[in-house]
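Have a look at the structure below, then the notes.
The values are calculated or read from the model by the stated rules, or taken from the named source; none is laboratory data. Bear in mind the structure is a predicted one, so any value in this text is a computation, not a measurement. Here the Cβ positions follow ideal geometry from the backbone for every residue, glycine too, while neighbour counts run over all protein chains shown. All accessible areas refer to the heavy atoms of the entire protein, side chains included, with ligands and DNA or RNA removed. Shrake-Rupley method; radii C 1.70, N 1.55, O 1.52, S 1.80 Å.
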Amino acid sequence: MSITAEQLQEAFDLEDGTAEKVIDALNAAMEEFEINTPQRRAMFLAQCCHESGHFRAMAENLNYKAESLTRVFPKYFKDVDPNDYAKQPEKIANRVYGNRMGNGDEHSGDGYRYRGRGLIQLTGKNNYDACGKDLGKDLHEEPDYLTTAEGAARSAAWFWHKNNLNHFADANDVVGATKKINGGTIGLEERTELYEEALKTFGE
């Protein structure tokens with residue numbers, strides 16, 4: 001059963017026009033990856049809503065000030081001057097994501113090339129490889145496919161399926177789902193509120 005743009009708007013209080021831009025892609029992606037019960041839809045959409053700034057951001061914003069870098073990424077900026085990186089998204093991504101997740105070192109450019117994209121911020125060369133293979137897309141040649149409505153939704157649903165997040169949705173486990181997506185519990189309060197609102201709307 002599909003959800004409507006009106007339901008998406010109601011559940012998450014989205015800006016005018018946002019729901020219409022993503023609704024068809026979300027419905028297609030949820031059908032493709034068996035996100036097909038009220039709990040699953042509510043959990044998936046709530047997490048996507050949080051991760052994407054209420055479906056507005058399809059790519060990671062890395063435009064950090066120096067003080068923010070030391071707070072958000074402390075271990076990557078303890079041995080360098082964060083002022084040398086501040087407000088330089090490409091340089092920041094290469095520093096933070098270099099030598100991780102299949103990426104080359106800081107000077108390879110892989111950190112920025114494979115920065116977070118999509119509704120659940122697919123990040124790193126290994127994830128791009130795996131996702132592209134399963135979706136039938138060359139995400140090295142077309143990484144910005146992940147910033148289209150279709151690509152953003154499909155990559156998020158792919159990640160959801162690959163990590164068995166329906167298991168957490170079936171158990172109403174917001175904490176478990178959040179840890180799988182985030183690696184911790186950042187934003188848990190908002191994620192929980194969004195899930196509860198979504199469940200009211202999509203559970204009807």
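At a glance:
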quantity	calculated
Probe 1.4 Å, protein heavy atoms only - accessible area per residue of the chain in square angstrom	49
Region 8-61-region 70-116 distance, computed between alpha-carbon centres (Å)	29
Mean ellipticity per residue at 222 nm, deg cm²/dmol - from DSSP H runs of n ≥ 4 across the chain, formula -39500 (n - 2.57)	-16000 deg cm²/dmol
Nitroxide proxy distance, nm - points 7 Å out along Cα→Cβ at residue 66 and residue 107	2.5
Cα-based helix-to-principal-axis angle, 125-135 vs the chain, degrees rounded to 10	30
Of all accessible heavy-atom area on region 45-147, the percent that carbon and sulfur account for (1.4 Å)	42
Charge tally in the Cβ shell below 10 Å around residue 25, where Lys, Arg are +1 and Asp, Glu are -1, residue 25 excluded	0
